[in-house]
Amino acid sequence: MTHMFRRWLGVLAIATAVNCPDVAHATTAMGVPSCGQWIARKNSVSDKATSESWLLGYLSGLATGTRVDILRDTDYDSLIAWMDNYCNTHPLERVSGGAAQLYIELQGRVPK
């Protein structure tokens with residue numbers, strides 16, 4: 001894949017998830033927990049690891065696909081705390097929607 005195509009694909013995926021919530025929810029991505037599941041994950045070590053691994057993989061994949069090093073100036077605990085806050089205030093949403101918003105926030109912090 002060319003660099004420009006990968007960047008376009010990443011932007012399209014984020015734009016779809018953030019700007020078109022009906023479209024984003026019309027497709028089921030395997031392994032994407034709901035915010036309700038994210039919140040409940042604290043009761044199970046394996047569920048917690050699975051949910052958090054999904055988030056880190058999603059963000060790492062977007063960073064790699066778009067070649068924007070969004071994870072450079074952050075850490076694991078901060079990313080998990082951000083998603084905890086998102087899911088506590090949006091319990092009926094999917095983690096993928098929060099992850100897309102987190103990506104956009106992190107992207108805005110990357111020096112140009």
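The values are calculated or read from the model by the stated rules, or taken from the named source; none is laboratory data. Computed from a predicted structure; not experimentally measured. Positions of Cβ are generated from backbone atoms using ideal geometry, with glycine treated the same way; all protein chains shown enter the neighbour counts.
Values as computed for the structure displayed
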read-out	value
Candidate set from region 72-112 (those that are among the aliphatic types (A, V, I, L, M) and part of a loop (DSSP other than H, G, I, E, B)); member that is nearest to residue 36 (Cα to Cα)	92
Pairs with Cβ under 8 Å, 6+ apart, first in region 35-49 and in contact (Cβ under 8 Å) with a residue 24 or more places away in the chain, second not in a helix (DSSP H, G or I)	35/90; 35/91; 35/92; 35/93; 35/94; 36/91; 36/92; 39/91
Residue that is farthest from the chain's Cα centre (by Cα), among those in region 66-97 that are of a type in the set (Gly, Ala, Ser) and at pLDDT below 95	97
Per-region count, region 64-106, residues touching a residue at least 40 places away in the same chain (Cβ under 8 Å) and either within 23 Å of residue 48 (Cα to Cα) or not charged (D, E, K, R) (or both)	25
Selection from region 53-71 of residues that are in contact with a Lys or Arg (Cβ under 8 Å, 6 or more places away or on another chain), in a helix (DSSP H, G or I) and not small (Gly, Ala, Ser)	66
Residue, surrounded by the fewest Cβ atoms within 10 Å (Cβ to Cβ), within region 41-65, restricted to residues that are closer than 28 Å to residue 111 by Cβ and over 12 Å from the mean Cα position of the chain (by Cα)	64
Unmet requirement for residue 33, which otherwise passes all of (1) buried (at least 19 other Cβ atoms within 10 Å of the Cβ); (2) modelled with pLDDT of 85 or more	(2)
